[in-house]
Amino acid sequence: MTALSSPNRPPPTATVDVVDELHGRRVADPYRWLEELDAPAVQQWVAAQNAATQAWLGATPRLRDALRARLTQLTDHQRRSVPSRRGRWWFWLANDGLSDQDVLMVDHDPDGAGRVLIDPNHLSDDATVSLAATSASHDGQRVAYALSEAGSDWMTWHVVDVPTGRNHPDRVEWAKFATAAWARDGSGFYYGRFDAPENGQAHEAAHRGHQVWFHRLGAGQGDDRLILARPKDPELVFSPEVTDDGRWLVITGSRGTERRCGVWLADLAAADPAAAAPTAWLDELDARYEVVAAEGATLLVLTDAGAPRQRVVAVDVFPDTLEHVARVGDHLVCAWLHHARSRVTAHTVAGRRVAEVELGELGSVEAISGRRGDTVAHLSFAGFTRPPSVVRCEPDRGATWQVWSPDVPVDPAAFTTQQVWVTSSDGERVPAFVVSRADLTLADGDHPTLLWGYGGFAIPVTPMFRTWWLAWVERGGVLVVPNLRGGGEYGAAWHEAGRRAHKQQVFDDAVAVAEWLVGQGWTRPTRLAVSGGSNGGLLAGACLTQRPDLFGAAVPEVGVLDMLRFHRFTIGWAWASDYGTADDPQHLEWLLGYSPLHRIVANTAYPPTLVTTGDTDDRVVPAHSYKFAAALQAAQAGAGQPAPILLRVTTRAGHGAGKPVGVLLEERADVLTFLCRTVGAGRLDRVEPDG
C-alpha cells in the first residue's frame, strides 16, 4: 500500500436519474440529492465522508499533532485592528491569541490597554457565535453590534452602552450584507435587511429584495421604518452610511457583486432620521461611486468613472490603483496598489500631493483610520511573513512609526519574498509573489510548492499574513500567490479581462504560472499543489479538472463548483456579475466550458484532492462540494491504488466568518497534513521540520 493510499476509502455515492434541459442541451446532475442539506441521507453521507477523511489524515497522528502544535504557537500572539475614534472613545478589535472569537475593546487612549466592551466567546457552548459587525454612534456613547451564528451571513443587531457596558433590549434580525449607520443625534441607526425567509430555508433560499430600514433605539423591530427599497430591481443590495458631519444619509446600491453602483442621498439637516426620503443622485449604475467625505453640500467621491484605476474627484490620477482614502485633518491619506503592493501618499483636500509615506518594505495597507479632527492617521500594515501591525502616520510630512506589533514566534528575516512576472496564454504579463525560506535554493527542481489564487470580483490579492502559509514555508515549502485576471490589482480592465465570457482566462493565467514554475526548475508537477477558497475554490477545481497532469494535489475550499446551479441558492444570483448564469444560452456555453463539476471525466487519474466546506455555509452552499467530491470519487482511476479524493466537512461552520479559533486550527492542520503527505511526501512530512 502506498503512502497516499488508505483502506478507509469513502463509500460509493448513490446517484439519481436527474437530467436538466438547458437551451436544448441535456445536462445530467446525478448528485442532485446532495442539495437537500438537512435530509438524513445527506447528513449520513457527510458523516461517512468525514470519517473516511479523518481516517486518512489520522494515519500520521504525530505529523498532524506537530503541525497543529506549530500552528498553535504561530497563532498564540496578540492581534488587534486599527483603532477608530468616535467622540472621546477609541475602539478596536483584539484577540489574545487563542480566543475563538475577537472581542471589541474601548479606551480613551488609542495606545491604552483597553476595556472589553463586547466578548462573544461566552455566548455559545461551541464558540460559534461571532461578532460580525460593529458601528459606534457619532458621540461614541453607544455601539450597535451584529452577532452571527455558525458562520452564517445572517446578522442580528444589538446595542450596548459604552460607558457602562449595559446592553439595551434592542434586537434587529434578518440583517445581511450591510453595516449599521447611526443618525447624528444617536436616536437610532440605518441597516440593510431581507425579508425573513420561510421556515427551514434560511441557509438555502435565494435572497432578493434587499431594503434599508431605520431602527429607533428602544423600539421593537416591528416599529422600524422602511427607508429605501426597489422591488422592481430586486437584485440591488444596499449599504447605508451617514457622513461625519451627520448631514447626509448616503445609500450605495449595486447588483450583487457588481462594482458599478448607484447612490441615493437624503439630507438629514432638518429631518427626523426615521423620515429620511432618499432620492437618486447617481442612479445609472455605470461606474463605482464611494462617498468618502462631505464638505458642506460637496461630497468627495471615489470613482472609476473615466478613471479605470479610480480617483477621488478633484484629485489627480496616478498610474497606480487607488484603494483606500481617509480624510485626516486637512489632508487626504491615500493607499495605492502598485503592482499589487501598497504605497501611500498624502494630499491636501484640494488634491495637491504633499508627501510620499515611507512604508519600508513590501506589504499591504489593509486599512486607514482617521477623521477630520485628527492630526495623525493609523494604518494596518502586513506582509506574507509579517503579521498586521498598527503604524501611525503624520500626513503633513509623511513620517511613520510603528506603534503596535504582535509578538509572533517567527523571524521575518528568515524568509524572502520576491515578485516574478509570467507571460500568460494571451501574451499578458501576470505578476506573482513567491515566498520561501531565505536558505533555500529554488532552482533545484524539487520544492513542494503551493499555488494559491483567487482571480475574481475585482478583489486585489496583496501580501497578507496567514499562519498556515507561514507554517508551510518554514517547513521548506514554497508559496506562490499570483495576481490573476478578474482581480482588482490593475483597475477595471484587469477585472473585465477575467469575468463572464473571459472567465477562462483566470484559469489560463494560473496554469501559465504553474507551467512557469516547472519550467524554471523550481518544482515539478508531483510537487505542485493548487488551492483557493470560494471563487478561489472554483479556480482550484478548474485547474484540477482541466490540467490533472500539472498538479500533484488540489485543495478546493468552500468552492463554487457547480456553475449551472450556483444562482439558485442563497446569494448565488449576485455572482452573475462575474459568471453569468445558465439561464442565458450564451452564458451556458461559457459555464459548461469550465464548470468543475461538469468537466470531470470518468476513469481519469486525478491527483490527490481534499475538498473542504462547512455544513452551514449559506454563501456557497455545501452542495457544491458534496456533489463535486462524489463525482470525483466516482470518476477516479489510476494504476494500483488510486490517489485519495477526500471531503472534509466542518460542522456548525459557514463560509469562514465567525469560525472559532480552535476549529480553524484543526482545519488548517488537516489541510497542511494533506499537503505535507502529498506534494510534500519525503520532504515536509517529517514530524519536525527541516532547518
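Each reported figure results from applying straightforward, stated rules to the coordinates on display, with no laboratory input. Quick caveat, the model's predicted, so the values are computed rather than measured. A quick note on method: Cβ atoms are made from the backbone with ideal geometry, for glycine too, and the neighbour counts reach across all protein chains shown.
How would you order 148-154, 423-429, 640-646 from highest to lowest mean count of nearby Cβ atoms within 10 Å? Can you show the working numbers first?
Numbers: 148-154: 22.6, 423-429: 12.4, 640-646: 19.4.
Going from most to least packed, we get 148-154, 640-646, 423-429.
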Quick P(r) readout (the chain; Cα-Cα; 10 Å bins; whole %) gives 3, 14, 25, 28, 20, 8, 1, 0
Nearest-5 percent of antiparallel DSSP beta bridges in segment 404-511?
-> 80
Two-site FRET efficiency, Glu496 against Asp126, from Cβ-Cβ distance with R₀ of 30 Å, rounded to 0.05 = 0.10
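Counting DSSP beta bridges with both partners in the chain, what percentage is antiparallel, nearest 5?
Taking every DSSP beta bridge with both residues in the chain, the antiparallel ones total about 85 percent.
What's the FRET efficiency of Arg25 with Glu173 using the Cβ-Cβ distance as r and R₀ = 35 Å, to the nearest 0.05?
Numbers: r = 42 Å, r/R0 = 1.19.
FRET efficiency, Arg25 to Glu173: 0.25.
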Please state the charge dipole magnitude for segment 323-406, taken about the Cα centre, from unit charges on C-beta atoms (+1 on K and R, -1 on D and E), reported in debye and rounded to the nearest 20.
-> 120
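Compute, for the chain, the length of the dipole vector about the Cα centre, with Cβ point charges of +1 (Lys, Arg) and -1 (Asp, Glu) only. Units Debye, rounded to 20. Don't skip to the answer; put the middle values down first.
Working: 65 positive and 84 negative charges, 156 e Å.
My answer is approximately 740 debye.
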Using +1 on the beta carbon of Lys and Arg, -1 on that of Asp and Glu, and nothing else charged, what's the dipole of segment 424-524 about the Cα centre, debye to 20?
-> 300
Helix axis angle, 40-57 relative to the chain longest principal axis, alpha carbon, degrees = 70
Which is farthest toward the positive dipole end of the chain among Pro482, Gln49, Ala637, measuring Cα position about the Cα centre, with Cβ charges +1 (Lys, Arg) and -1 (Asp, Glu)?
-> Ala637
So for the pair Trp401, Thr72, with labels modelled 7 Å out along Cα→Cβ, what separation do we get in nm?
-> 3.9
How far apart, in nm, are two points set 7 Å out from the Cα along the Cα-to-Cβ line at Asn8 and at Leu226?
-> 5.4
Add -39500 (n - 2.57) for each DSSP H run of 4 or more in the chain, then divide by its residues: what number comes out at 222 nm, to the nearest 500 deg cm²/dmol?
-> -5500 deg cm²/dmol
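Applying a 10 Å radius around every beta-carbon, put 669-682, 53-66 in order of their mean neighbour count, most first.
Output ranking for 669-682, 53-66: 669-682, 53-66.
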